[in-house]
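**Q** Before I ask anything, let me first share the structure, which is written out below as C-alpha cells.
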Amino acid sequence: MANEHPEGSIILDTVENVVGYLKQYSVWPTTFGLACCAIEMMAIVSPDTDISRFGGERFSATPRQADLMIVAGRVSQKMAPVVRQVYDQMAEPKWVISMGACASSGGMFNNYAIVQGVDHIVPVDVYLPGCPPRPQMLLNAVITLHQQIKGEHLFGSTRKAAARAAEEAALKAVPTHEMKGLLA
Amino acid sequence: MADKKKSGGFFSDLFAPVAGFGVTFASQFKKQYTEEYPEEKRPTAPRFHGRHQLNRHPDGLEKCVGCELCAWACPADAIFVEGANNDDAADQRFSPGERYGRVYQINYLRCIFCGLCIEACPTRALTMTNFYELADYRREDLIFTKEQLLAPLQEGMLPAPHPMVAGMEERDYYQGKVAKATPEQEQWVREHAPDIEDGMTPSGDPVLATDPVAHGQQATRPSTEGVRR
C-alpha cells in the first residue's frame, strides 16, 4: 500500500473512497442534445427509467454547473467548435459520455460533414453503442461512469500521480485520426 | 364587485394552502412505473436487436462460411470478415463445407443494429441476441472479435476445429440430420486438443470453462493469425 500511494497518503485513501462514493451520485448532465439520441436521453428523466435514482435528474441549463456532457447525436463539423466550447465551459471535474454510434465513431455517416467520433474534439470517458441506445443502455453507461468516478484519485499526490499517468498514456496513444481498420 | 373573492366554505378555505400536498401524498399509494433498472431488468421485446451472435451446428462446427454478405449488407461498414479454406489434412476444419470465417469482427461503435446483416446471412450463422449492455471505456474494446461473438457451446457440442460427422456432407447439416457430436468426433478432439480434455462430458459448460479461446485469453484483435479457432 505504501508503494501504491507515495508520500504517506493512507488516510487520504479512505477519504477518497468516501468522497468518490458520494460524488458518483451527484453527477449533473448538461442540457445538450444534437440529434435523435437526445430523445432517448430525455427519456431517462421520465418516470419509467428514472435517472434521479442515481442523482442525475438535474439537467443543468448552463454548462458551468454541469459535471457530465452526454454527447447525444451526430456531431457535424460545423457543430464541433460549439461542442468543444460547451466542454471548456464546464467546471472540473467533468466527464463525457459519447452516446450512440454517430457520436462515438461517426456511425453510418462516414462522410465529410460529420466528425468521425467526438473523441476527436473532447476526451471521452464512456462509449455507448446503439442507434439510438435505449434508455436502459444509457443508464448502463451512466453506471459504468459511476464505477470510474468511484475509483478516481482526487487529492494531493495521488491526484497528481494519476494526472501524470493519464497524460503519459494520452501521449503514447495512437491519435484517433491515425487509427486503421475498423477503428478508422 | 366583480372581483369579490368566492368563499368555498370553512374547511375548504382552511386547507386550501396545503391542498397541493394532498396530490403528493396520494401519489405515494399509486402504482410505481419506474423500472428498477440495474437490479430488475424488464425483458426486451423478443425480436429486439441486440448484440450479435455467431451460431454453431449441433455438433459444434461453426455455421459461418465466410461469404462476407453481412459485411456487404452493412450500411455502416461495421463488419469485417475474412474467409479461409477448411483443411481436413491440416486439422483445420471449422465449418462443414468449403470455407469458414477466419476473422470476424464487428465494430459496435459503427453498428446501428439495423439487422440487415442477419437478413443477408445465408446460413443463419449470424443472429441477434437481446443483450444490450455494451457501454465501455475504450474504443478498441468495442470491436468484438469472433471469439466474443461465437455462441457458447451447448450440450453435445464440441469446440471447432474438428472433423465433420462421418458419412455426412454439408447438405446434411442444413437438413438437420446432425443432432450432436459423435463419439468419433469426441475422440478426435481428445487427441488433437488435450487442453480441453476435461470438458469432454456431454454437457457443454465444462468445455467453456477450460477452453482458453472461449475466455478470450488467447485471441486478441491484432493476432488473429494462427489462432486455433
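Each reported figure results from applying straightforward, stated rules to the coordinates on display, with no laboratory input. In this text the structure is predicted, and so the values were computed from the model without any measurement. Methodologically, a virtual Cβ is constructed for each residue, glycine included, from the backbone with ideal geometry; neighbour enumeration extends over all protein chains shown.
**Q** Place +1 on the Cβ of every Lys and Arg and -1 on the Cβ of every Asp and Glu in the protein assembly as shown, take the dipole about the Cα centre, and give the residue among A:Ile149, A:Val122, B:Met164 whose Cα lies farthest towards its positive end.
**A** Checked the options; the winner is A:Val122.
**Q** Kindly work out what percent of the DSSP beta bridges joining two residues of the stretch B:52-192 are antiparallel, to the nearest 5.
**A** Details: 14 of 15 bridges.
Restricted to the stretch B:52-192, the bridges split so that about 95 percent are antiparallel.
**Q** Provide a whole-number value for the mean count of partner chain Cβ atoms within 10 Å of the Cβ atoms in peptide A:94-105.
**A** Working: counts 0, 0, 0, 1, 3, 1, 2, 9, 4, 1, 6, 9.
Across A:94-105, the average partner-chain Cβ count within 10 Å equals 3.
**Q** For a protection proxy built on the mean count of beta-carbon atoms within 10 angstrom, sort A:79-86, A:52-59, B:166-173, B:13-20 highest first, please.
**A** Packing order, densest peptide first, comes out as A:52-59, A:79-86, B:166-173, B:13-20.
**Q** Using +1 at the Cβ of each Lys and Arg and -1 at the Cβ of each Asp and Glu in the stretch B:52-192, identify which of B:Tyr104, B:Gly66, B:Gln53 lies farthest towards the dipole's positive end.
**A** Final value for the positive-end residue is B:Gln53.
**Q** Calculate the dipole size of the stretch A:49-184 relative to its Cα centre from +1 charges on Lys and Arg beta carbons and -1 charges on Asp and Glu beta carbons; express the result in debye to the nearest 20. Write down the numbers at each step before the final one.
**A** Values: 14 positive and 11 negative charges, 11 e Å.
Its charge dipole is roughly 60 debye.
**Q** For the stretch B:174-189, in order, what is each residue's ³J(HN,Hα) by Karplus, 6.51 cos²θ - 1.76 cosθ + 1.60 with θ = phi - 60°, in whole Hz (x at glycine and Pro)?
**A** 3J(HN,Hα) across the stretch B:174-189, in whole Hz: 7, 8, x, 7, 9, 9, 6, 5, 8, x, 4, 5, 4, 4, 4, 5.
**Q** What is the packing order of peptides B:112-120, B:55-63, taking the mean over residues of other C-beta atoms within 10 Å and listing the highest first? Before the final figure, lay out each step's value.
**A** On the way: B:112-120: 17.7, B:55-63: 22.1.
Taking the mean over residues of other Cβ atoms within 10 Å, the ranking is B:55-63, B:112-120.
**Q** Can you tell me how the stretch B:1-130 classifies by the Cα gyration tensor, rounded, prolate or oblate, using a/c under 1.5 as the rounded cut?
**A** On the way: a/c = 6.44, a/b = 3.85, b/c = 1.67.
It is prolate, given that a/c is not under 1.5 and a/b is the larger ratio.
**Q** Would you kindly derive the ³J(HN,Hα) couplings of the stretch B:46-63 from the backbone phi angles with the Karplus curve 6.51 cos²θ - 1.76 cosθ + 1.60 (θ = phi - 60°), listing them in order in whole Hz, with x for Gly and Pro?
**A** Values, residue by residue: x, 9, 4, 8, x, 4, 7, 8, 9, 7, 10, 6, x, 9, x, 5, 7, 8 Hz.
**Q** Efficiency by 1/(1 + (r/R0)^6): what FRET value for A:Ser46 and A:Asn110, r their Cβ-Cβ distance, R0 = 30 Å, to the nearest 0.05?
**A** Working: r = 33 Å, r/R0 = 1.09.
Approximately 0.35, to the nearest 0.05.
**Q** In peptide A:129-137, how many Cβ atoms from other protein chains are near each Cβ within 10 Å, on average? Before the final figure, lay out the partial values.
**A** Details: counts 15, 10, 7, 2, 4, 4, 2, 8, 5.
Average per residue, whole number: 6.
**Q** In addition: Using the beta-carbon distance between A:Ala61 and A:Ala169 and R0 = 30 Å, what value does 1/(1 + (r/R0)^6) give for FRET efficiency, to the nearest 0.05?
**A** Numbers: r = 34 Å, r/R0 = 1.14.
E(calc), rounded to 0.05, equals 0.30.
**Q** Let me ask another. Are there cysteines in the protein assembly as shown with no other Cys C-beta under 4.7 Å, and if so, which?
**A** A:Cys36, A:Cys37, A:Cys102, A:Cys131, B:Cys64, B:Cys67, B:Cys74, B:Cys111, B:Cys114, B:Cys121
**Q** Can you pick out the pairs among B:Lys63/B:Lys177; A:Lys78/A:Lys172; B:Lys63/B:Lys146 whose Cα atoms lie more than 18 Å from each other? Provide the component values of the computation, followed by the final result.
**A** Numbers: B:Lys63/B:Lys177 15 Å; A:Lys78/A:Lys172 29 Å; B:Lys63/B:Lys146 12 Å.
Distance filter (> 18 Å) returns A:Lys78/A:Lys172.
**Q** Inside 10 Å of the C-beta atoms of A:46-56, what's the mean count of C-beta atoms belonging to other chains? Don't jump to the answer; show the numbers that get you there.
**A** Working: counts 2, 4, 5, 6, 6, 1, 1, 4, 2, 0, 0.
Mean partner shielding for this stretch: 3.
**Q** Then there is this: Taking amide hydrogens as modeled 1.01 Å from N in the peptide plane, which residues meet the under 5 Å criterion relative to B:Gln92, leaving out close sequence neighbours?
**A** When sequence neighbours closer than 5 places are left aside, the close amide H contacts are B:Asp87.
**Q** Suppose every Lys and Arg Cβ carries +1 and every Asp and Glu Cβ carries -1, with no other charges. What dipole size does the stretch B:52-192 come out with about its Cα centre, to the nearest 20 debye? The partial results should precede the final answer.
**A** Numbers: 14 positive and 22 negative charges, 63 e Å.
Its charge dipole is roughly 300 debye.
**Q** I would also like to ask the following. Give, as ranges by residue number, the residues of the stretch B:52-70 whose backbone N falls under 18 Å from the point 7 Å along Cα→Cβ of B:Glu170.
**A** Inside the label zone: B:55-70.
**Q** Pull up the DSSP beta bridges for the protein assembly as shown and report the antiparallel fraction as a percent, rounded to 5. Intermediate values should be presented prior to the final figure.
**A** Numbers: 16 of 27 bridges.
Close to 60 percent.
**Q** In sequence order, what are the phi-derived ³J(HN,Hα) couplings for the stretch B:132-148 according to the Karplus relation 6.51 cos²θ - 1.76 cosθ + 1.60 with θ = phi - 60°, rounded to whole Hz, with x for glycine and proline?
**A** Values, residue by residue: 9, 8, 10, 4, 8, 8, 10, 5, 5, 5, 9, 8, 8, 9, 4, 5, 7 Hz.
**Q** With springs connecting C-alpha atoms under 10 Å apart, model chain A as a Gaussian network and identify which of A:Met108, A:Met137, A:Met69 has the largest mean-square fluctuation.
**A** Sorting by GNM fluctuation, first place goes to A:Met108.
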